[in-house]
Amino acid sequence: MGFALWIEGDIACAYGTHEYRPMGAAIIGVRGQFTQRDFRPQRRLPRRDSRAFAGYFASIGEMNEFLRRRLRGYRKRRTKSLMHLEQILR
């Protein structure tokens, strides 16, 4: 299995293969989790040279963990900036 992931704004798009056969593409919100049922051969693949490309992954679980860690990091950065803003306003 192999997966390529693109993230643009609040949308995550993945393209998967299983034993060298295309599974198709899947599109979810960045706060969601990919499942095997999300992949459809009819969906079009984003351009491979897009700046939204996030990387290659060996499994759906690895890709979902990447999305969870990315979301956790975003929440920490947002919390820190809100705390900084509170200190300025005091």
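Where a number appears in this text, it was derived from the coordinates with a stated rule and is not lab data. Nothing here was measured: the structure is a model prediction, and the numbers come from that model. Positions of Cβ are backbone-derived with ideal geometry, glycine not excepted, and every protein chain shown enters the neighbour counts.
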*Under-5 Å amide H pairs with A54, H placed in peptide plane, nonlocal only*: L5, W6, I7
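In what order do L45, L67 fall by count of nearby beta-carbon atoms within 10 Å, going from fewest to most?
On the way: L45 13, L67 21.
Lowest count first: L45, L67.
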*Provide M1, M63, M23 in ascending order of the number of other Cβ atoms located within 10 Å of each residue's Cβ, fewest first.*
M1, M23, M63
*Name the long-range amide H neighbours of A12: under 5 Å, sequence gap of 5 or more, or other chain; modelled H, no Pro or chain starts.*
I28, G29, V30
